[in-house]
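Here the structure is laid out as structure tokens; the discussion comes afterwards.
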């Protein structure tokens with residue numbers, strides 16, 4: 001007898017025996033408190049298309065008619081490409097067999113060009129500026145990489161630009177800085193230990209060391225890059241406290257800490273070598289939302305004639321959606337503990353309450369009305385802020401943002417003895433266009449010497465963005481602001497951005 005036919009017949013016999021055995025076993029065994037139910041909706045049986053011809057177009061339509069989207073590729077790409085299909089070549093073992101290497105080197109970023117007409121209350125100024133952001137990434141494994149970020153056409157916050165003020169000559173300045181704005185190694189100690197030992201470890205401990213960029217609590221509590229170290233205890237839970245997921249991040253900065261609370265004898269923000277930073281923050285999913293809690297201590301070196309500007313910084317925020325119609329975040333920042341010399345003013349001794357609200361409309365992804373309000377007392381400070389990140393109120397609304405390119409005017413963003421907010425609406429149309437219309441306001445209160453605002457400020461801001469293709473973006477910004485006891489400001493800018 002043909003061996004192949006014999007094996008086929010044997011398989012059919014065994015299949016029949018197994019089917020009869022399953023029938024003899026009767027209904028499945030289950031707990032006395034459970035009972036079978038009729039499957040409905042998404043848990044029902046798959047539909048049968050046996051009586052219909054195969055149609056590839058209909059199969060694609062099942063997934064919303066989605067197809068591959070061409071995206072801009074990095075400026076340079078070596079090794080395994082980003083988001084590329086297989087098959088891949090075999091991985092290496094430089095970090096151990098349990099932590100396989102698959103190296104990839106890429107350079108990517110964007111190129112921004114803008115022209116602006118600005119009335120800053122003192123003069124009319126026309127500006128043309130350019131900026132390049134370069135990310136250089138060398139990936140070793142799935143968890144380990146070396147990363148650097150450069151702003152080659154920028155120096156000390158000044159961009160390569162040409163300016164023409166009324167009554168003056170056009171002046172062009174070429175700025176350059178090849179030093180990395182960030183340069184760090186990041187990885188996972190658990191994955192590294194698995195590779196070194198040859199056996200899998202049961203823990204994860206992601207970390208970063210070098211000049212690391214950190215952003216916590218939407219960039220309000222911390223947004224800076226400093227030389228130091230950070231590590232995280234991820235994906236924890238607490239049955240006792242009814243917490244489904246939380247993580248804790250510890251960080252320390254030993255150089256390049258940009259603290260607005262550390263100043264020189266003239267009252268100017270001191271150089272970034274004048275402070276060290278130690279802190280921890282946690283992200284907790286609980287109470288049908290999530291909490292962000294952080295504490296940091298800024299250790300300022302003693303300034304002659306000023307005293308000890310060291311201070312504590314606490315940040316607390318809670319975010320939740322209510323009733324299917326309101327998304328809300330409540331954020332509180334508090335600074336305390338400075339001990340300066342007699343006659344010197346404290347620079348980080350305030351608090352900020354920021355409440356962010358957005359309505360969930362019938363088009364939740366494209367139509368977003370929002371209202372953000374704040375109250376600042378004395379001089380609240382972020383833990384650390386990059387010079388190009390704007391003020392502590394940067395994310396309150398478009399009228400409080402800096403464009404990081406032309407010096408576009410904005411409302412007071414310090415929250416020093418002020419209150420106010422932003423009321424606006426954002427519409428994304430078909431995800432190809434965006435328009436934002438916003439009214440912003442600042443109202444002073446309290447000690448006038450503790451703030452730079454001497455009267456109310458009101459502004460109307462408009463932003464329009466449109467992607468020209470997958471790589472090019474066009475943007476327009478407009479602001480006009482009425483300021484009491486200060487010159488009014490206005491501006492319009494046009495930007496063309498290229499991603500690569």
Subject >> Anisotropy class of segment 193-299 from Cα gyration tensor, a/c 1.5 cut >> reply: oblate
Original post:
Which label marks the calculated value of P(r) over Cα pairs in 20 Å bins from 0, in percent, given the options (i) 16, 46, 26, 9, 2, 0; (ii) 22, 54, 23, 1; (iii) 25, 60, 15, 0?
Top reply: (i)
Original post:
Tell me, what is the percent relative contact order of segment 64-183, built from C-alpha pairs under 8 Å that lie six or more residues apart?
Top reply: 19 percent
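If neighbour count is taken as other Cβ atoms inside 10 Å, put 433, 164 in order from fewest to most.
433, 164
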Subject >> Calculated FRET value between residue 169 and residue 488, using beta carbons and R₀ = 22 Å, to 0.05 >> reply: 0.25
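Classify segment 201-244: rounded, prolate or oblate, from the alpha-carbon gyration tensor (a ≥ b ≥ c, eigenvalue square roots; a/c under 1.5 rounded; otherwise prolate if a/b is larger than b/c)? Don't skip to the answer; put the middle values down first.
Details: a/c = 4.59, a/b = 1.51, b/c = 3.05.
It comes out oblate by the Cα gyration axes.
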Original post:
Which FRET efficiency, nearest 0.05, do residue 37 and residue 69 yield, Cβ-Cβ r, R0 60 Å?
Top reply: 0.90
Original post:
Hey, what did the chain get for relative contact order, percent, Cα under 8 Å, at least 6 apart?
Top reply: 10 percent
Subject >> Cα shape, segment 178-252, gyration tensor, a/c 1.5 rule >> reply: oblate
Original post:
Exposure proxy check: 222, 178, 78, 293 ranked by fewest other beta carbons within 10 Å?
Top reply: 178, 78, 293, 222
Original post:
If each of residue 128 and residue 425 carries a label point 7 Å out from its Cα toward its Cβ, how far apart are those two points in nm?
Top reply: 3.7 nm
Original post:
What FRET efficiency do you get for residue 229 and residue 467 if R0 is 45 Å and r is their Cβ-Cβ distance, rounded to the nearest 0.05?
Top reply: 0.70
**OP:** Would you mind ranking 162, 172 so that the residue whose beta carbon has the fewest other beta carbons within 10 Å leads the list?
**Re:** 172, 162
Original post:
In deg cm²/dmol, rounded to 500, what helix-only [θ] at 222 nm does the chain give when every DSSP H run of at least 4 residues adds -39500 (n - 2.57) and the total is split over its residues?
Top reply: -2500 deg cm²/dmol
**OP:** Just need the relative contact order of segment 384-483 here, percent rounded to a whole number, with Cα pairs under 8 Å and 6+ apart.
**Re:** 22 percent
Original post:
Roughly speaking, what is the centre-to-centre gap between segment 155-189 and segment 51-120 when only Cα atoms are used, to the nearest Å?
Top reply: 29 Å
Original post:
Going by alpha carbons, how many degrees (0 to 90, nearest 10) lie between the helix axis of 3-24 and the longest principal axis of the chain?
Top reply: 80 degrees
Original post:
Quick one: Cα centre-to-centre distance for segment 232-262 and segment 380-449, in angstrom?
Top reply: 26 Å
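We did not get these values from a lab; they are worked out from the coordinates using the rules stated. This structure is a prediction, so every number in the text was calculated from the model and none was measured. With ideal geometry, Cβ positions are generated from the backbone for all residues, glycine too; neighbour counts draw on all protein chains shown.
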